[in-house]
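*Asks:* Here it is, the structure in full.
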Amino acid sequence: MLTLLLSALFLVALVIAFIECGRRIRLRRKDDDASKGLSVIDGAVFGLMGLLLAFSFSGAEGRFETRRQLIVQETNAIGTAYLRVDLLPEAAQPQIRYDFRAYVDSRITFYKEVTSDRARTIKNFEHSIELQKKVWTETVAAAKQTGSPAVLSLVVSSLNDMIDITTTRLVALQTHPPLAIYITLVLLALASALIAGFGMGDSGKRPWLHTLVYAVALTATVYTIFDLEFPRIGIVRVDRYDQTLIDQRNSMKDSKAF
């Protein structure tokens, strides 16, 4: 979060610097007709920047909403699979429930620490996959013992949903626009600042109010886009939606494996 905030402050300073640079360039050109015929280019640059901002913002908000919905989907998948353990032989249920709870704990830990350390994040993910495989093996074996195709189908389908959502959430976590789009966005923001400064040079005065408002508004928009793209390290976060998974874990009564 600190890195994003520092980057935002740096971008504000950079936009102001480019506005001032454009203003000074205009002041050095004493020709009153220096800006004539440039309105088309100015409009094209600002229009392109606005279009890119709009698409970037819309895409980031859509991905944020998808990540939030996937938390609910995983919670529902785990809850359904856990309830269907009741269909298995009673002797096998305690161990399976115990491993289920350990698996949910590992998922919660993975998302709590996903941005802390890459090596630790990989280790947590691998641990949850190991528990996932263990639950699958034990549950399928117990379902086969019942001799009921219906039980086997119900249990396996719920486990499949639980496992599939893990991959879906991992892909959603890693899905972002290409770096080239972010670079283009920043370059267009600076180019528009330079053009805006050039236009302000006609008066010869330094319009600080307009400069600050433009720099802050532009930076706030860009920052929000980045914040939505990485919702576990900034101000806009999906962490509070993890509470649904935590509530699901709390609903699973603890007991020792036999």
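Values in this text are rule-based calculations from the coordinates and carry no lab data. Since we're looking at a predicted model, the values are computed, not measured. Because the Cβ atoms are built from the backbone with ideal geometry, glycine has one as well, and the counts that use them run over all protein chains shown.
*Asks:* Report the charge-dipole magnitude of the chain in Debye, nearest 20, computed about the Cα centre from +1 at each Lys and Arg Cβ and -1 at each Asp and Glu Cβ. Show your work: numbers first, answer last.
*Replies:* Values: 30 positive and 26 negative charges, 119 e Å.
Charge dipole, the chain, about its Cα centre: 580 debye, nearest 20.
*Asks:* Let me ask something additional. Would you compute, from DSSP H runs of 4+ residues alone, the mean residue ellipticity of the chain at 222 nm, taking -39500 (n - 2.57) per run and dividing by the full residue count, rounded to the nearest 500? If you can, show how the numbers build up before the last one.
*Replies:* Values: 8 runs with 199 residues, N = 258.
Helix-only estimate at 222 nm: -27500 deg cm²/dmol.
*Asks:* What shape does the range 31-114 have by the C-alpha gyration tensor, where a ≥ b ≥ c are the square roots of the eigenvalues, rounded means a/c under 1.5, and otherwise prolate means a/b greater than b/c and oblate the rest? Before the final figure, lay out the partial values.
*Replies:* Numbers: a/c = 12.10, a/b = 4.77, b/c = 2.54.
Prolate shape, in that a/c is at least 1.5 and a/b is the bigger ratio.
*Asks:* Then there is this: Nothing charged except the Cβ atoms of Lys and Arg (+1) and of Asp and Glu (-1): what's the magnitude of the dipole of the range 47-101 about its Cα centre? Round to the nearest 20 debye. Intermediate values should be presented prior to the final figure.
*Replies:* Details: 6 positive and 6 negative charges, 23 e Å.
Dipole magnitude for the range 47-101 comes out near 100 debye.
*Asks:* Between (1) 1.17; (2) 1.20; (3) 1.23, which matches Rg/Rh (Cα atoms, Kirkwood Rh) calculated for the structure shown?
*Replies:* Here the calculated entry is (3).
*Asks:* Work from the charge dipole of the chain (Cβ charges, +1 for Lys and Arg, -1 for Asp and Glu, about the Cα centre) and give the residue of S157, N76, A44 farthest towards its positive end.
*Replies:* Sorting the options by dipole projection puts first A44.
*Asks:* Springs between alpha-carbon atoms under 10 Å, Gaussian network over the chain: tell me which of S148, S157, S106 tops the mean-square fluctuations.
*Replies:* Evaluated over the chain, the most mobile residue of the options is S148.
*Asks:* Between helix 39-83 and the chain, what is the angle of the helix's C-alpha long axis to the longest principal axis, kept within 0 to 90° and rounded to the nearest 10?
*Replies:* That works out to roughly 10 degrees.
*Asks:* Between rounded, prolate and oblate, where does the range 126-230 land on the alpha carbon gyration tensor, with a ≥ b ≥ c its root eigenvalues, rounded for a/c under 1.5, else prolate if a/b exceeds b/c? Mind showing how you got there, number by number?
*Replies:* Working: a/c = 6.00, a/b = 5.50, b/c = 1.09.
Because a/c hits 1.5 or more and a/b exceeds b/c, the range 126-230 counts as prolate.
*Asks:* Okay, moving on. What relative contact order, as a whole-number percentage, does the range 114-258 give when Cα pairs under 8 Å and 6 or more residues apart are counted?
*Replies:* Numbers: 29 pairs, mean separation 19.8, N = 145.
Result for the range 114-258 is 14 percent.
*Asks:* Pick from R23, R169, R206: which is most flexible by mean-square fluctuation in a GNM of the chain where alpha carbon atoms under 10 Å apart are linked?
*Replies:* Checking each option, the largest mean-square fluctuation is seen for R206.
*Asks:* In whole Hz and in residue order, list the ³J(HN,Hα) couplings for the range 218-231 that follow from phi through the Karplus curve 6.51 cos²θ - 1.76 cosθ + 1.60, θ = phi - 60°; x for Gly and Pro.
*Replies:* 5, 5, 4, 5, 5, 4, 4, 4, 5, 5, 5, 6, 10, x
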